Amino acid sequence: MATPIEHKQISEQFLHQAEQGFERGDALQASEKGWGAVVHYVKSVAKERGMRHDRHRHINDAATELISYLDDPASATGKLNSANVLHSNFYEGHMNADQVRVGIASARELIDDLKVAESRMP
């Protein structure tokens with residue numbers, strides 16, 4: 001089982017792999033890596049804070065709690081929704097290349113937002 005620090009490292013690794021995969025034309029794997037990067041970042045915070053993180057719903061709940069510490073939670077919520085769509089794209093292949101590119105960029109921005117939110121948590 002990964003530690004919070006390892007989850008953060010995996011998050012960065014997955015973001016990099018998402019961007020590389022997209023550049024290679026593998027939109028499905030890039031989509032899942034983008035989603036996975038968000039999940040691993042949320043898991044890192046959830047583990048540190050004693051929050052549940054073992055199901056998709058728990059990841060969403062933990063992310064939503066984190067987002068509540070931001071000045072613009074609506075923007076971050078939109079990015080979280082975009083990450084969820086990346087996850088579904090892995091199975092459905094319903095996104096075009098531009099949508100995947102934007103989704104991966106949103107995942108990176110969301111993780112940056114979550115870092116700010118984490119620093120504001122009591």
Of the listed residues (46, 37, 18), the one being small (Gly, Ala, Ser), over 15 Å from residue 79 (Cα atoms), in contact (Cβ under 8 Å) with a residue 60 or more places away in the chain and surrounded by 15 or more Cβ atoms within 10 Å (Cβ to Cβ) is 18
Looking at (1) open to solvent by less than 70 Å² (accessible area, probe 1.4 Å); (2) out of contact with any Lys or Arg (no Cβ under 6 Å at 6 or more places or on another chain); (3) more than 18 Å from residue 17 (Cα to Cα), find the lone condition where residue 104 falls short.
(3)
The condition of being touching a Leu at 6+ places or on another chain (Cβ under 9 Å), open to solvent by 40 Å² or more (accessible area, probe 1.4 Å) and over 13 Å from residue 104 (Cα atoms) holds, among 3, 64, only for 64
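Which residues, taken from region 73-98, are polar (S, T, N, Q), part of a helix (DSSP H, G or I) and surrounded by fewer than 16 Cβ atoms within 10 Å (Cβ to Cβ)?
Within region 73-98, the subset polar (S, T, N, Q) is 75, 77, 81-82, 84, 88-89, 96.
With part of a helix (DSSP H, G or I) added as a condition, the list becomes 75, 77, 81-82, 84, 88-89.
Residues satisfying the conditions are 75, 81, 88.
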What pairs come out if I take residues in region 1-14 that are touching a residue at least 24 places away in the same chain (Cβ under 8 Å) and pair them with residues that are open to solvent by 60 Å² or more (accessible area, probe 1.4 Å) whose C-beta lies under 6 Å away, six or more apart or interchain?
4/48
Sort through 70, 110 and tell me the only one that's modelled with pLDDT of 95 or more and not in a helix (DSSP H, G or I).
70
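The values are calculated or read from the model by the stated rules, or taken from the named source; none is laboratory data. These numbers come from a predicted model, not from an experiment. Cβ: placed from backbone, ideal geometry, glycine included. Neighbour counts: every protein chain shown. For the accessible areas, the whole protein counts, side chains as well, though only heavy atoms, and no ligand, DNA or RNA atoms are used. Shrake-Rupley method; radii C 1.70, N 1.55, O 1.52, S 1.80 Å.
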